[in-house]
Every structure is written in structure tokens, then in C-alpha cells.
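Structure first, then comments.
The values are calculated or read from the model by the stated rules, or taken from the named source; none is laboratory data. None of the values given here were measured: they were computed from a predicted structure. Glycine gets a Cβ as well: all are built from the backbone with ideal geometry, and neighbour counts include every protein chain shown.
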Amino acid sequence: MIYPDIDPVLVQIGPLQVRWYGLMYVLAFLAAYFLIKNQEKSRPIGLSPRLVQDLILYLVVGLVAGARLGYVLFYQYMNVMNFLYHPLEIIAVWHGGMSFHGGLIGAFIAGWRFSKRSKIPFWALVDRVIVAAPT
């Protein structure tokens, strides 16, 4: 089977690269923000526009950190000594490697933490956010 040879870099300005994969993350989080904000108008659970922004920030950090840590732990466990000697490689997402499993766990923990901080019931928050998950 022949696959198209698509350059993963969308735009490069000097050493800065914008990749297609990263662009999709940004677009997905923007879509989630607007979807959650719109849902809050019809069925409020106590998410002000500021809290929706905070929620998205929590979820972005939780998802990316969890996805990278999940990749390191689930798929690179044989190279654990390399990560001990070079710990900054753990956060080097530009080298590739993100795990859906880790991202799910990270987003779940971040959402739970957000619900405790904002005093919004966790399962109501999950019900609100899950609609945006496929984006």
C-alpha cells in the first residue's frame, strides 16, 4: 500500500515549527472551549466564562503532561535509564511520543482537581466536558 508523503511541519520560521498535529490539538481545545461555553448557557452547572477558560487550561496541561508521561512509561519503559540521566527528555514533546492512555488519565486527574478547586460536582463537570472529547 502506498501512503502519501505528507510533511508533518505546517510552517517553519527559523527554529520554530508548527506541526499539523499541534495545530489539531489547538483547534480541538478551541472547539471544546466554545462548545462547553455554549452548553453552559442552556444547562448551567456554575461555569462562568472565566471558569471555562480555567477548565480548558487545566485540561490542556493534564492531557499533554499525561500523554507524554504515558508515552514514556508505557512505550519507552526499556529506556527508563536514559530518562533518569536526561530528565528533560521526558518533556521533549517535539521528539514525538504521546499516549492516548496517559492523556486520558492526565485529563481525568486535571478535571478532578479543577472540580475540587471550583466546587463544581465532578460528574456534572465530566458530563459537560465529555461531549467535547471527540473534538
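List of remarks:
- Restricting the range 31-79 to residues that are surrounded by fewer than 20 Cβ atoms within 10 Å (Cβ to Cβ), over 15 Å from ILE130 (Cα atoms) and among the basic types (Lys, Arg), the residue that is modelled with the highest pLDDT is ARG50.
- Qualifying residue in the range 87-102 (condition: more than 12 Å from the chain's Cα centre (by Cα), farther than 19 Å from ALA133 by Cα, among the aromatic types (Phe, Trp, Tyr) and crowded, with 16+ Cβ neighbours inside 10 Å): no
- The listed residue being small (Gly, Ala, Ser) and touching a His at 6+ places or on another chain (Cβ under 9 Å), out of GLY102, GLY66, GLY111: GLY66
- Residues of the range 21-30 satisfying the condition of being over 19 Å from ALA92 (Cβ atoms) and surrounded by 13 or more Cβ atoms within 10 Å (Cβ to Cβ): ALA28, PHE29
- Which numbered condition ILE36 fails, given (1) over 23 Å from the mean Cα position of the chain (by Cα); (2) within 30 Å of LEU125 (Cα to Cα); (3) touching a residue at least 12 places away in the same chain (Cβ under 8 Å): (1)
- Qualifying residue in the range 2-20 (condition: under 20 Å from PRO134 (Cα atoms) and in a helix (DSSP H, G or I)): yes
- Among the residues of the range 19-55, just one is in contact with a helix residue (DSSP H, G or I) (Cβ under 9 Å, 6 or more places away or on another chain) and farther than 30 Å from SER118 by Cα, namely ARG19.
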